[in-house]
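Reviewing the structure listed below.
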Amino acid sequence: MSELDSQYLNTQAKSEIVYLGEHKTPVLVIDNFSRCALKLKQDVIAHNQFKQTPSDYYPGLRMPGPKQYAEEICSLYAQQLNQVFTMHTGLWQSNLCAYSLTTTQPEKLKPIQMLPHFDTANDNQLAVVHYLCDETFGGTAFFRHNSTGYERINKAQLNNYATQLKQQAMAARLHEKPGYLAEQNSLYQKIGQVDVVFNRAVVYPGNLLHSGLIKPALLSDDPTTGRLTLNTFIVNTP
């Protein structure tokens, strides 16, 4: 894809690979990701049709993102993603593209929202988080579960992880003291972090344990001033 073919993405963007944890899981960090990041944000502000989805554990509001934006990620970055994440040489497809605005107050969080999470137990899905807010907001951190040693949750590990985590969350009585995840806690160890920079994207396996580092004082339902990201899930299919 050439610059002329790309409506949203900067084909000259610079990327860096960082390796996290004991398994050296690659995470791709891309600066100046979009050629029109300010316009993306302005369009969101102009339309501002954010809604809460009851089935979504994201602690805030979502709004559909541009279909072509997701398509450009899948086509422009296909070869690099295959190499970095040792995937098939097949097609990439998006199953989610949504603007996300963190708004949930700490006292209203469910226990599952207070812990690192994973998006899927499948190995062939990646998350692309595109920051459309500035560096005053917390970034994205990655974690290892202390008692199991898990950093990524696959299908074989899922039942054991879920069983242990439920017991630990109940023992810690998380429901009695709601709050966003602290970087240092008794259940997990942080293995890495990518800081927020406006128009930076971070790409990582969807089953890697992760969490936004949320600053409650900056929560807002206004996309002009809130923690606004454009989140895309992409899946590699043979």
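The values are calculated or read from the model by the stated rules, or taken from the named source; none is laboratory data. From a predicted model like this one, the values you see are computed outputs, not experimental measurements. Counting neighbours? That spans all protein chains shown, and the Cβs are built from the backbone with ideal geometry, glycine included. Calculation scope for accessible area: heavy atoms of the full protein, side chains included, ligands and nucleic acids excluded. Shrake-Rupley method; radii C 1.70, N 1.55, O 1.52, S 1.80 Å.
Worth a mention:
- Phi to ³J(HN,Hα) by Karplus 6.51 cos²θ - 1.76 cosθ + 1.60 over the stretch 73-78, Hz, x for Gly, Pro: 4, 5, 8, 5, 9, 3
- Peptides 162-174, 128-140, 180-192 ordered by average Cβ neighbours within 10 Å, highest first: 128-140, 180-192, 162-174
- Rounded percent of accessible protein surface that carbon and sulfur make up, the stretch 160-238, 1.4 Å probe: 53 percent
- Three-way shape call for the stretch 1-123 based on the alpha-carbon gyration tensor, with the a/c threshold at 1.5: oblate
- In this structure, the amide hydrogen of CYS133, modeled 1.01 Å from its nitrogen in the peptide plane, lies closer than 5 angstrom to those of ASN199, LEU228, counting only residues at least 5 positions away or on a different chain.
- Under Karplus coefficients 6.51, -1.76 and 1.60, residue-wise ³J(HN,Hα) of the stretch 188-195 in Hz, glycine/proline x: 9, 10, 6, 10, x, 7, 10, 7
- Taking amide H positions as modeled 1.01 Å from N, with prolines and chain starts lacking one, the residues under 5 Å from SER34 and 5 or more places away or on another chain are ASN10.
- Its DSSP H runs of at least 4 residues, each contributing -39,500 (n - 2.57), put the calculated 222 nm mean residue ellipticity of the chain at -6000 deg cm²/dmol, to the nearest 500.
- Karplus-derived 3J(HN,Hα), 6.51/-1.76/1.60, for each residue of the stretch 131-144, Hz, glycine and proline x: 7, 10, 9, 9, 6, 6, 8, x, x, 10, 10, 10, 9, 10
- Rolling a 1.4 angstrom probe over the protein heavy atoms with all chains in place gives the stretch 1-159 an accessible area of 52 Å² per residue.
- Dipole magnitude of the chain about its Cα centre (Cβ charges: Lys, Arg +1; Asp, Glu -1), debye to nearest 20: 560 debye
- The stretch 46-118 and the stretch 205-238 have Cα centres lying 7 Å from one another.
- Annotation: amide H-H contacts under 5 Å for THR25 (H modelled 1.01 Å from N, sequence separation of 5 or more, or interchain): LEU20.
- Stretching THR148 away from ALA121 to a fully extended chain increases their span by 8.1 nm, per 0.36 nm per residue minus the current alpha-carbon distance.
- Pairs over the 29 Å Cα-Cα cut-off, from the set LYS14/LYS39; LYS14/LYS190; LYS51/LYS190; LYS24/LYS155; LYS166/LYS215; LYS14/LYS41: LYS51/LYS190.
- Pair GLN167, ALA217: separation of 7 Å Cα→Cβ label points (nm): 4.0 nm
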